[in-house]
Amino acid sequence: METSLREELLALLGGEDAVSRMSHEDRADALEHFQAEKLEAAIVARKAGKPSVQELADLIDTRGYRRGIGNIFIHTRSNKRPYEDATGLKVKRLAPMPKAPTLVDFLEKRINPSQHLLQSANLARKQGASEEVVLACLLHDLGVSLIRAEHGYWGAQMIEPYVSEKVAFAVRYHQPLRFFPDPAYDYEYPKGYFLTFGVDYVPPPHVIDTYKKVRDHKWYEEARLVTCNDLYSFDPEVVVTVDEFRDLIGKHFRQPKEGLGFDGSPVAHMWRTFINPDAPL
Ligand SMILES: [Fe+2]
Ligand SMILES: [Fe+2]
């Protein structure tokens, strides 16, 4: 890494002393792990006013909610507006669910934002990805509606009884892989993460370790392709509907006849939480 770039980011963050006083003791050391391109992009983001890790942490007790909360429990909020506390806003009444709800019912009536999932799956399909990768893209952020923190793991757990191991793997590990560029797939560190996580964010050691293991796994490509199609910058004029994926879901998602939430599986309660997130206990 180029020393001058590192020094520039340190200066923008208030100097080496300020950086070393940040919540992570090894912040300054961790900066060493920035790749040069990521560091340059971080400096551009900082100059454009994007926050540091510490500045985001300082916002925690200014809000009436925690950022890790799932979208179904709170009015629409966005990682693009981390400063905003819109706790005065109201949530919507949810549409009733059928007695034996299917994955399509959840995608249509509960998952927010489903358009992101549909667009990701659409993109993967257009690029000739396998059906399992398309399904993984369609389901990759299911967990975000329930709980944003560790959403890849929550989402993978929810679908595990109903999909192939490969699909669950891709959903689980798209989350840690998002932090790590891979030029072989033209995948870069997401610029939006400078705002979401802070310009000087470095994934914690367990995430780095997971990345190394996944990188050497036979299904690395499946998980990587989810990150490649995980874009928010799609054409807003193009609306993708769940109907386009009914056949794929029918083929690769083992829909329980009792309905998701009522099949007695170890994850049924997670689906029931989606069905009625207004339950007080
Ligand atoms: Fe995700
Ligand atoms: Fe996503």
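In table form, for the structure just shown:
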quantity: Positive-end residue, the chain charge dipole about Cα centroid, Cβ charges, pick of Ile111, Ala41, Leu10; calculated: Ile111
quantity: In nm, spacing of pseudo-spin labels at His269 and Arg254 (7 Å Cα→C-beta vector); calculated: 2.2
quantity: Spacing of the two label points (7 Å from each Cα toward its C-beta) at Ala279 and Thr76, in nm; calculated: 2.8
quantity: Relative intensity, log₁₀ I(q)/I(0), of segment 48-201 from a Debye sum that treats every alpha carbon as a point, q = 0.08, 0.15 Å⁻¹; calculated: -0.26, -0.92
quantity: Hz values of 3J(HN,Hα) by residue in segment 254-263 - Karplus curve (6.51, -1.76, 1.60), Gly and Pro given as x; calculated: 7, 5, x, 5, 6, x, 5, x, 10, 9
quantity: Separation in nanometres of the label points that stand 7 Å from Cα toward Cβ, at Ala95 and Ala48; calculated: 3.5
quantity: Packing rank of 154-166, 195-207, where each peptide gets the mean count of other beta carbons within 10 Å, highest leading; calculated: 154-166, 195-207
quantity: Mean residue ellipticity (222 nm) of the chain, computed from DSSP H runs ≥ 4 via -39,500 (n - 2.57), nearest 500; calculated: -13000 deg cm²/dmol
quantity: Among 259-265, 119-125, the order from most to least packed when residues are scored by Cβ within 10 Å on average; calculated: 119-125, 259-265
quantity: 3J(HN,Hα) from dihedral phi, segment 209-214, Karplus parametrisation 6.51/-1.76/1.60, rounded to Hz, x for glycine, proline; calculated: 5, 4, 4, 4, 5, 5
quantity: Normalised per residue, the volume of the convex hull around the Cα set of the chain (Å³); calculated: 149
quantity: Contour minus Cα-Cα distance for Asn112 and Glu37 (0.36 nm per residue); calculated: 23.7 nm
quantity: Loop-located GluC sites (Glu not before Pro) in segment 189-281, at most 11 other Cβ atoms within 10 Å (DSSP); calculated: Glu237
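Every number in this text was worked out from the coordinates using simple rules, so none of it is lab data. All figures in this text were calculated on a predicted structure; none of them were measured in a lab. Cβ coordinates were reconstructed from backbone atoms using ideal geometry, including for glycine residues, and neighbour counts include every protein chain displayed.
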